[in-house]
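Asker: Sharing a structure here in structure tokens format.
The values are calculated or read from the model by the stated rules, or taken from the named source; none is laboratory data. Here the structure is a predicted model, which means the values were calculated and not measured. Every residue, glycine among them, receives a Cβ derived from its backbone with ideal geometry; neighbour counts consider all protein chains shown.
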Amino acid sequence: MDDVDAVQATIARNMLHSGDFVTARLNGIAYLEKSPLVYWIMATSYSIFGVHDWAARLPLALAVVLLCWVTYRFGCWAFDDHAGLYAGLALATSTGLFLFTRILIPDAMLTLAITGALWAWLRLLEPEAEPALRWSLALGACVGVGLLLKGLVALVFPVTAGVVFMLLTGRLTSIDAWRRIRIVPAAAVALTIAAPWHVLATLRNPPYFAFSMHNGPGEYRGFFWFYFINEHVLRFLNLRYPRDYNTVPRLWFWLLNLVWLFPWSVYLLGSRTVSLRAESRACRVRLMALCWTGTVLVFFTFSTTQEYYSMPIYPAMALLVGLTLSAGSRWISIGTRVLYGIFTLLFLSLSTVLMLVWQKSATGSIASALTQHPELYTLSLGHMSDLTLATFAYLKLPLGIAVCAFGAGALGLFIWRRNVRRTALVVTLSMIVFFQGARIALIRFEDYFGSYPLAQSLDQSPPGQLIEADAYYAFSSVFFYTGRAALLWNGRINNLEYGSYAPGAPNVFIDDARFVSLWNEPNRCYLLAYGVDLPHLQHLVEQSQLHVVRENAGNYLLTNHPI
């Protein structure tokens, strides 16, 4: 693991070892921008299984399984057992859920919390039954957990979707409807879960309250300002500092959701008709799913976005797909024909690529066949632009698996195009096979994306002072796998910049002069650096003082004395 994965895993380990579960820290620097629950869960996994990369990923994997099961049960309750099964399968085998759960981020857990909250909201408004207190408590628990996973969006999304739903169904001003929801118990549970950490984090990282809408280098206003103002308000307005992120163009953010739900998105048009009368449970859930989807998409239309920010709508779209497939409308036939065409096109395209690279040799590192587009790397899928035709010479096995998946899928769709159950089975199996190929492809890229080989070499080398060039994230996997801290050379940027100005922050940042002084000392030093840093490095110190311990995908572990 590398980049954000290793950062999250390292924070969890630091919490476990230090006993401080309030303030996240990296390299001794306060890291105040994220909610803590994902770290707590990973730390719990470490305490049971030990500190391993798989132990860090295990909670996310379990959360994804639980999310798919909850979506299945939601669909069974809302429509029927077949719709629930189709909804669960659609979510479990959707492209977006596979892609964005390769990254160790809390969005799948947040999606689970939002799904639970909106299901509880519907259960409380169910006219055929007296609302049970447990659903009000479940609503509050889901919101409280969500607040500890990713901040205020865990409150904004379900409440906004629920209020819009009540407005459209004419129940917004109904005293009976609000009595059913039981706001007070729900709010009490949410506050009981979420408030203690927010209060403690504010008290331990003063100043306590600041409301400025401006920030810049050298300014420090404590946890409250950075977490609530900078990370919520200013990020929404695209004014957050430091500017270490990018945003997906709005139109693409909307349209890409058809890709993230692929291949099941072809069936979404089957639920295009909406009744505001909400005369049946199915109609109410369909309307809530649309309110749910619209709330998230509209919110991020006015905010900064990453590709995975729309993940909370995946269960809503999966429920609509499940309803379409179980209802047996003519849109199933249309969607299946469209999907047959897409699978056939993918089969032909990937077969062509495989034939073009079949005779090409794949020697050396896959990094040699990739291009570099660092200006896009602040997007989650920015590295996709690095691919070239020569890259696929290293990916013949994954390509072959993908060709088999879509070829067999296209054949199955043609044969069983009039049988909904078999169509769903063909699509599910095709995506399972394709995901195995994609998983193998991702493994092939591990050396390019990660720094694990450098960590191995560092562990096997004599002791010495570790220095890292550029931002902490650049070689975060080295810090995770070796358990070491480092001096950061010209690294007072991005995620660690704000915390570096906190009172009592360790002095781990060095400039060129301090680096040269350390490198010229008789004590051994190690340097982690990108290949693009070498010209500047060679300008500062003699070539005879640069000894390569390990090179990996254009990244270097150097030392100042021969080993």
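Asker: List every residue pair whose Cβ atoms lie under 8 Å apart, where the two residues are 6 or more positions apart in sequence or sit on different chains, the first residue falls within the range 520-539 and is under 15 Å from Asn490 (Cα atoms), and the second residue, located anywhere, is in a helix (DSSP H, G or I).
Answerer: These pairs meet every condition: Leu527/Trp519; Leu527/Leu537; Leu528/Leu454; Leu528/Ala474; Leu528/Phe475; Leu528/Val478; Ala529/Leu537; Tyr530/Ala474.
Asker: Name the pairs: first residue in the range 150-171 and among the β-branched types (Val, Ile, Thr), second residue in a helix (DSSP H, G or I), Cβ to Cβ under 6 Å, at least 6 apart or on different chains?
Answerer: Here the result reads Thr160/Thr295; Val164/Cys291, each pair linking the range 150-171 to a residue that is in a helix (DSSP H, G or I).
Asker: In the range 497-533, which residues are within 23 Å of Leu558 (Cβ to Cβ) and aromatic (Phe, Trp, Tyr)?
Answerer: Of everything in the range 497-533, those that are within 23 Å of Leu558 (Cβ to Cβ) and aromatic (Phe, Trp, Tyr) turn out to be Phe509, Phe515, Trp519, Tyr526, Tyr530.
Asker: Further question on the same structure: Go through the range 426-439 and give me each residue that's touching a residue at least 12 places away in the same chain (Cβ under 8 Å) and surrounded by fewer than 15 Cβ atoms within 10 Å (Cβ to Cβ).
Answerer: Passing the criteria: Ile432, Gln436.
Asker: Additional query: Would you say Val164 is assigned by TED's automatic domain parsing to the domain that holds Ala289, surrounded by fewer than 19 Cβ atoms within 10 Å (Cβ to Cβ) and in a helix (DSSP H, G or I)?
Answerer: no
Asker: Turning to a different aspect of this structure: Can you tell me how many residues within the range 314-366 are surrounded by fewer than 24 Cβ atoms within 10 Å (Cβ to Cβ) and among the aliphatic types (A, V, I, L, M)?
Answerer: Of the residues in the range 314-366, 16 are surrounded by fewer than 24 Cβ atoms within 10 Å (Cβ to Cβ) and among the aliphatic types (A, V, I, L, M).
Asker: Tally the residues that are part of a helix (DSSP H, G or I) and at pLDDT 95 or above, restricting the search to the range 19-53.
Answerer: 13
Asker: OK, next. Within the range 510-527, is even one residue modelled with pLDDT of 95 or more and under 30 Å from Thr363 (Cα atoms)?
Answerer: Yes, there is a match, as at least one residue in the range 510-527 is modelled with pLDDT of 95 or more and under 30 Å from Thr363 (Cα atoms).
Asker: Checking Gly96 against (1) within 30 Å of Leu323 (Cα to Cα); (2) modelled with pLDDT of 95 or more; (3) not in a helix (DSSP H, G or I), which single condition isn't satisfied?
Answerer: So Gly96 meets the others, but not (3).
Asker: Within the range 189-214, how many residues turn out to be in contact with a helix residue (DSSP H, G or I) (Cβ under 6 Å, 6 or more places away or on another chain) and of a type outside the set (Phe, Trp, Tyr)?
Answerer: Looking only at that region, the number is 10.
Asker: Right, here's the next one. If a residue counts only when it is on the phi < 0 side of the Ramachandran plot and among the polar types (S, T, N, Q), which helices (runs of 4 or more DSSP H) contained entirely in the range 387-474 have at least 3 such residues?
Answerer: Hits in the range 387-474: 420-444.
Asker: Related question: Is it true that some residue in the range 101-117 is touching a residue at least 40 places away in the same chain (Cβ under 8 Å), hydroxyl-bearing (Ser, Thr, Tyr), part of a helix (DSSP H, G or I) and assigned by TED's automatic domain parsing to the domain that holds Met317?
Answerer: Scanning the range 101-117 turns up at least one residue that is touching a residue at least 40 places away in the same chain (Cβ under 8 Å), hydroxyl-bearing (Ser, Thr, Tyr), part of a helix (DSSP H, G or I) and assigned by TED's automatic domain parsing to the domain that holds Met317.
Asker: Sticking with this structure for a sec: Check Ile103, Ile114 and return the single one that is within 30 Å of Trp225 (Cα to Cα) and surrounded by fewer than 22 Cβ atoms within 10 Å (Cβ to Cβ).
Answerer: The match here is Ile103.
Asker: When the range 294-313 is examined, which residues are found to be over 16 Å from the mean Cα position of the chain (by Cα) and surrounded by fewer than 20 Cβ atoms within 10 Å (Cβ to Cβ)?
Answerer: Within the range 294-313, Gly294, Leu297, Val298, Phe299, Thr301, Phe302, Ser303 qualify.
Asker: Hey, Trp254 hits all of (1) buried (at least 17 other Cβ atoms within 10 Å of the Cβ); (2) touching a helix residue (DSSP H, G or I) at 6+ places or on another chain (Cβ under 7 Å) but one; which does it fall short on?
Answerer: (1)
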